[in-house]
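These notes are about the structure you will find just below.
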Amino acid sequence: MSTFSDILVIGGGIAGISAAARLAPDAKVTVLEAEPMIGHHSSGRSAAIFIRNYGNATLRALNVASAPFLTEPEGVSDASLLSPRGELLLATDEDLPKFDAYLDGSDGLERLSPAQALELVPILRPDAIAAAAIEWDAQDIDVDRMLQGFARMLRGCGGSIVNAAPVQSITRRDGLWTVMTPAGEFSAPVLINAAGGWADAVAHMAGLRMLGLTPLRRSAALIPAPDGHDINRWPLFANAGDQWYAKPEAGKLMISPADEDPVEPHDVWADDMVIAEGLHRYVQAVTAPVTRVEHSWAGMRTFAPDRTPVVGFAPETEGFFWLAGQGGYGMQTAPALSQLAADLCLGRPSPLDPTVLEALSPGRAAMNSQQG
C-alpha cells in the first residue's frame with residue numbers, strides 16, 4: 001500500500017529540504033532520503049560561505065535574491081544565518097587573466113595592493129601577489145542551522161522526512177509517480193528530483209532523458225593555525241587561478257586544492273595525493289609551513305554542462321521536476337531556488353527575471369544541445 005502525498009521529493013540535502021519546506025504550507029510533502037540522516041553528502045561538507053560575486057550571471061542573480069532571506073531567515077531561525085568573513089582573491093602573474101575576468105561585472109570588490117593584502121593575512125608571500133581584491137561582504141553561512149531550520153519548518157507544516165529510503169524503482173501510472181524504497185512505497189502526482197550527484201540516475205529510473213550532470217569531487221584538509229597568529233578574523237583567501245583556497249575554521253585553517261575531479265556518485269572521500277598537491281600549491285603562496293594535516297575529507301559538487309542549476313518541470317513528462325546541478329553554489333542559492341521550486345510547482349508567478357528562469361529551465365538550449 002502506498003503512502004500518498006501531493007509532492008514527493010527525492011533527496012534530503014539543502015535543495016530538497018528547503019524546497020519541501022516552502023511547499024509544505026500548501027501541499028502534503030514527503031522527502032525521501034537515502035542516508036540515515038539529512039545533509040549527509042554535499043550539504044554537510046560545504047565550505048559554507050556566501051559570496052555575492054561567485055558564479056556566472058545567473059548564479060549571481062540567485063545570490064542577490066537569496067541574500068535577504070539569509071539575513072532574515074523568517075521561519076527558519078530567529079537570527080541571521082550569516083556572519084562576517086570576507087573573501088580575499090589573490091593572483092600570480094599567470095592568474096591575471098582569470099582575476100580580471102572574475103572582477104569584470106562584479107559588484108562590491110575592492111582592489112588591494114600586496115601590502116594591504118598582507119595586513120589582512122600576514123602569512124602571505126609578497127612576491128607571489130601580482131594583484132589582489134577583497135569582497136568585504138562575503139560571509140560565513142551557518143549551514144546546520146539553515147538545514148535543520150528548514151526541516152523544522154517542513155515538519156511543522158505537516159510534511160515528513162523518511163530517512164534510509166534509497167530509491168529502488170520509479171514508475172508512473174494514472175497520473176501518479178510511485179517510488180519504491182526499503183522504507184515502503186510512496187506516490188504523488190509531482191516528483192521533485194533533488195538527488196544531487198544521483199539526479200541523472202533518478203531521471204533514468206523514471207524513464208526520462210539524462211541531462212549530462214557530472215559529480216565533481218572537492219577535497220579539503222584541516223591544518224593547525226600558523227604559529228603566533230590569531231586567524232579568527234582572517235578572510236577566506238583564495239588563488240584566482242582556482243588552485244587552492246584557505247578559510248579559518250574553529251581556530252584552524254581549512255585548505256582546499258579546489259579540485260574538480262569527475263567521480264561516480266558515491267560517499268566520496270579525499271585522495272591523499274590530491275590533498276598533497278593542493279597543499280604544495282598553497283605553501284608556494286605563504287611563508288608559514290604546513291606541519292601536519294589533522295583531518296581531510298571530500299564532497300561532491302554536481303554541475304550541468306553549462307554550470308548553471310537545472311530547475312523546472314521536465315518538458316517531456318508531466319509532473320517530473322528537476323532541482324539539480326547546483327554545483328558549489330547550493331547553500332547560498334538555496335533560499336532563491338527553493339522559493340522558485342515552490343512557485344513553479346504551485347503555479348505561482350516567480351519574482352525572478354524571466355531571463356533567469358529561462359537560464360535555469362531543463363528545456364534550455366544548453367540542455368538540448370547536450371542531448372544532440
| note | In whole angstrom, the spacing between the Cα centers of region 67-146 and region 191-223 equals 28 Å
| task | Calculate the spin-label point distance for residue 346 paired with residue 358, positioning each point 7 Å from the Cα along the beta-carbon direction, and give it in nanometres. | result | 2.7 nm
| note | Label model pair residue 4, residue 185: point-to-point distance (7 angstrom along the Cα→beta-carbon line) in nm is 1.4 nm
| remark: Over region 28-169, the quotient of the Cα radius of gyration and 2.2 N^0.38 Å is 1.35
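Run lengths n ≥ 4 of DSSP H only: what is the helix-derived mean residue ellipticity at 222 nm for the chain, with -39500 (n - 2.57) per run over all residues, to the nearest 500?
That comes out to -8000 deg cm²/dmol.
Excluding residue 80 itself, calculate the net charge of residues whose Cβ lies under 12 Å from the Cβ of residue 80, where each Lys or Arg counts +1 and each Asp or Glu counts -1.
That sum, taken over residues with Cβ under 12 Å, equals -4.
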| message | Using a Gaussian network model on the chain with a 10 Å cutoff between Cα atoms, which of 176, 32, 147 fluctuates the most? | response | 176
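For residue 204 and residue 272 in the same chain, what is the full-extension length gain: residue separation times 0.36 nm, less their Cα-Cα distance, in nm?
21.2 nm
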| note | Options (i) 68, 46, 40; (ii) 79, 42, 38; (iii) 59, 59, 42 are given for Cα extents along the principal axes in Å, and the computed one is (i)
| query | Taking the simple approach of a point 7 Å from Cα along Cα-to-Cβ for both residue 128 and residue 116, what is their distance in nm? | reply | 2.2 nm
| Amide N proximity, region 205-246 versus residue 281 label position 7 Å along Cα-to-Cβ, cut-off under 18 Å | 216-223, 236-246
| query | What order do you get for 82-91, 219-228 when each peptide is scored by the mean count of other beta carbon atoms within 10 Å, highest first? | reply | 82-91, 219-228
| Taking only C-alpha pairs under 8 Å that are 6+ residues apart, what is the relative contact order of region 214-301 in percent? | 43 percent
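FYI, it's all coordinate maths here, none of it is from the lab. All values derive from a computational prediction rather than experimental measurement. Neighbour counts run over all protein chains shown; Cβ positions are idealised from the backbone, glycine included.
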